[in-house]
1. Considering each residue of region 166-175, count those that are charged (D, E, K, R) and either touching a Cys at 6+ places or on another chain (Cβ under 9 Å) or assigned to a helix (DSSP H, G or I) (or both), and give that number.
2. Residue 350 - would you say it is surrounded by 15 or more Cβ atoms within 10 Å (Cβ to Cβ) and touching a residue at least 24 places away in the same chain (Cβ under 8 Å)?
3. Residue 60 - would you say it is surrounded by 13 or more Cβ atoms within 10 Å (Cβ to Cβ), among the acidic types (Asp, Glu) and not assigned by TED's automatic domain parsing to the domain that holds residue 317?
4. Output yes when any residue across region 266-277 is touching a residue at least 60 places away in the same chain (Cβ under 8 Å), of a type in the set (Gly, Ala, Ser) and under 16 Å from residue 234 (Cβ atoms), and no when none is.
5. Which numbered condition in (1) among the charged types (D, E, K, R); (2) closer than 23 Å to residue 57 by Cα; (3) touching a helix residue (DSSP H, G or I) at 6+ places or on another chain (Cβ under 8 Å); (4) assigned to a helix (DSSP H, G or I) is the only one that residue 303 fails?
6. In region 198-224, how many are surrounded by 19 or more Cβ atoms within 10 Å (Cβ to Cβ) and not in a loop (DSSP other than H, G, I, E, B)?
7. Look at residue 97 and say whether it is charged (D, E, K, R), outside the structural domain of residue 313 (by TED's automatic domain parsing) and over 25 Å from residue 332 (Cβ atoms).
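The values are calculated or read from the model by the stated rules, or taken from the named source; none is laboratory data. Everything numeric in this text was worked out from a predicted model, so none of it was measured. Using ideal geometry, Cβ is built from the backbone for each residue, glycine included, and neighbour counts are taken over all protein chains shown.
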Amino acid sequence: MRLSFRAAAVLALILSGVCPGNQLLCGQKRSSTAGKQVASVDGVAITETQIREAGTADLESLELQVLKSKASFARREHAILEKSLNDLIEEKLLQSEAARRGISKEELLARELRQNAQEPTEKEIDAFYKSNKQRINKPREEVAAQIKKYLAQQKESGVRETFLKKLETEHRVVRSLPPLRFEVDAAGRPFLGPASAPVTLVVFSDFQCPYCKNYSTTLKELPKNYGKKVRLVFRQFPLTSMHRFAQKAAEASLCAAEQGRFWEMHDLLFQDSKSLENSDLKAKAVKLGLNSAAFNACLDQSRTSGRIREDIRAGAGAGVDGTPALFVNGRYLNGVRPYEEIAALVDEELNTKR
């Protein structure tokens, strides 16, 4: 994401601990100067409060940019730390093992590759070419050498990785760099599972997002299968620039939540995500047997829009810029992930003392 000079300057101020002029960005209350006159026309005052209200949309957009940038900075910083740690561990392992064998580090790696990295066969080259033929878009004979080189590099990387894992076990490597976690508040949001569960999954989702539809089924399996160990929390992140009905669908789900029927509406919205106009939403409320007058008033007055804005801000602060986005005890998994990958992370969290 490219930031304007203004946004970059605001980000620099926040990261340095200095709050910019817009107190909203720092989570502070409006200053006592908010009502101060900043101009006048024919003697009629224009106040800071008025210009802030006039610029609400742009100020909120700027706020989201800054929040996302801070989260991006945190992710990149942690990625650098993880890579540096892995590089240092690898260097120490190779040096130690090379010294034990009485050879150089380079010779150690060369021997491992010679012994275990086999040359790609013609069958493997053919299989790779056939599975990528449309993307390659060239005759086999023109790219066979490149494919062979690529496959050889992949095999060498695999051998190297396997060798290093073996060394890690033999040399008793212990890693204690904690994973990056974002504080994602779950209070007051719809959830499945016990509030006391040791693992909390927070998903940011969009009812008009096709990827979110199937993912929702996967996620609901986790509290079902883990029982009291997992809680699934739903937070709104309608992508209004892409999905014109996502905002009202999000509002509808929260209007249903006011009558204790969030998850039933959640399922209906995803089941028929092509029917999300206001009339469709009201029909779904009737289908669920909700109090139609209360639901319709809630929807027509956009009473839940404030909570949706809070969710969007919370998501942006944790680096969400698309849906679906999942946090497992604050650990970020973007995009659709298979059940097995999420379950593995849940198991890791359950086995980690915090």
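1. Number satisfying all stated conditions: 3.
2. Values: surrounded by 15 or more Cβ atoms within 10 Å (Cβ to Cβ): no; touching a residue at least 24 places away in the same chain (Cβ under 8 Å): yes.
Judged against the criteria, residue 350 is not a match.
3. yes
4. yes
5. (4)
6. Looking only at that region, the number is 13.
7. yes
Yes/no matrix, rows are residues, columns are (1) in contact with a His (Cβ under 8 Å, 6 or more places away or on another chain); (2) assigned to a helix (DSSP H, G or I); (3) more than 18 Å from residue 209 (Cα to Cα); (4) not hydrophobic (A, V, I, L, M, F, W, C):
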residue	(1), (2), (3), (4)
253	yes, yes, no, yes
260	no, no, yes, yes
268	no, yes, no, no
281	no, yes, no, no
293	no, yes, yes, no
298	no, yes, yes, no
